[in-house]
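Undergrad: Attaching a single structure in structure tokens format; questions to follow.
The values are calculated or read from the model by the stated rules, or taken from the named source; none is laboratory data. From a predicted model like this one, the values you see are computed outputs, not experimental measurements. A quick note on method: Cβ atoms are made from the backbone with ideal geometry, for glycine too, and the neighbour counts reach across all protein chains shown.
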Amino acid sequence: MKLSTKGEYGLRAMFDLAQRHGSGPISLKSVAARQEISEHYLEQLIAVLRKVGLVKSVRGAQGGYMLGREPENIKVGDIIRALEGPIAPMDCVNEEDPEECSRSGSCITRNIWRKVRDSISEVLDSITLQDMCDEAELERQKNDCYMYYI
């Protein structure tokens, strides 16, 4: 299973919004510039995220986008599923609509694919945007501690 740029860029954009959570609407132009993502592509991703309620839009001169929920209530898995679809290494273990094949009753590999799916889901659903922000802050502090000036 390989994620596309939809998942990668969408997660980066949501992380950017989470880092600025509480400071009002953020323009897509500024998110696109900071994250080095095409603004046009980002508009497409944000439209999907808005449709599922992960982001809200504010119209007007001071408008932009903000998280639809608190960062601690948005899991990485929510974002990936919204942009990439159900998490499944094979169609027969799709989370939403598993595809039955003629071997489904006796397929020993199906259990392996189910375990892979469950493991990936467990990781993605155990990390929130707030966790990402906290980790980024720890990294920033760690890097600041080793600044030496001569």
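Undergrad: Run Arg117 past the list (1) part of a helix (DSSP H, G or I); (2) in contact (Cβ under 8 Å) with a residue 12 or more places away in the chain; (3) closer than 30 Å to Gly22 by Cβ and report the number of the one that doesn't hold.
TA: (3)
Undergrad: Now a separate question. Tally time: how many residues in the stretch 99-132 are in contact with a Pro (Cβ under 6 Å, 6 or more places away or on another chain) and either modelled with pLDDT under 85 or under 24 Å from Glu72 (Cβ atoms) (or both)?
TA: The total comes to 2.
Undergrad: Scanning for something loosely packed, with under 15 Cβ neighbours inside 10 Å and not in a helix (DSSP H, G or I), does the stretch 38-49 turn up at least one residue?
TA: For the stretch 38-49, residues loosely packed, with under 15 Cβ neighbours inside 10 Å and not in a helix (DSSP H, G or I): present.
Undergrad: Still on this structure, I have one more. Considering only residues that are charged (D, E, K, R) and farther than 20 Å from Lys6 by Cα, look in the stretch 92-115 and name the one that is farthest from the chain's Cα centre (by Cα).
TA: Arg103
Undergrad: Among the candidates Gly63, Gly85, single out the residue that is under 20 Å from Ala13 (Cα atoms) and free of Cβ contacts under 8 Å to residues at least 24 places away in the same chain.
TA: Just a single option satisfies the conditions, and that option is Gly85.
Undergrad: Using the structure shown, decide if Met14 is of a type outside the set (Phe, Trp, Tyr), part of a strand (DSSP E or B) and within 30 Å of Glu95 (Cβ to Cβ).
TA: Spelling it out, it is not the case that Met14 is of a type outside the set (Phe, Trp, Tyr), part of a strand (DSSP E or B) and within 30 Å of Glu95 (Cβ to Cβ).
Undergrad: Identify, from the list Tyr9, Tyr65, the residue that is hydroxyl-bearing (Ser, Thr, Tyr), within 14 Å of the chain's Cα centre (by Cα) and surrounded by 14 or more Cβ atoms within 10 Å (Cβ to Cβ).
TA: Only one candidate qualifies: Tyr9.
Undergrad: Farther than 28 Å from Lys115 by Cα and either in a strand (DSSP E or B) or in contact with a Phe, Trp or Tyr (Cβ under 7 Å, 6 or more places away or on another chain) (or both) - does that describe any residue in the stretch 66-87?
TA: Yes, the stretch 66-87 contains a residue that is farther than 28 Å from Lys115 by Cα and either in a strand (DSSP E or B) or in contact with a Phe, Trp or Tyr (Cβ under 7 Å, 6 or more places away or on another chain) (or both).
Undergrad: For Leu28, are the conditions met, namely being more than 18 Å from Ile80 (Cβ to Cβ) and crowded, with 18+ Cβ neighbours inside 10 Å?
TA: Spelling it out, Leu28 is indeed more than 18 Å from Ile80 (Cβ to Cβ) and crowded, with 18+ Cβ neighbours inside 10 Å.
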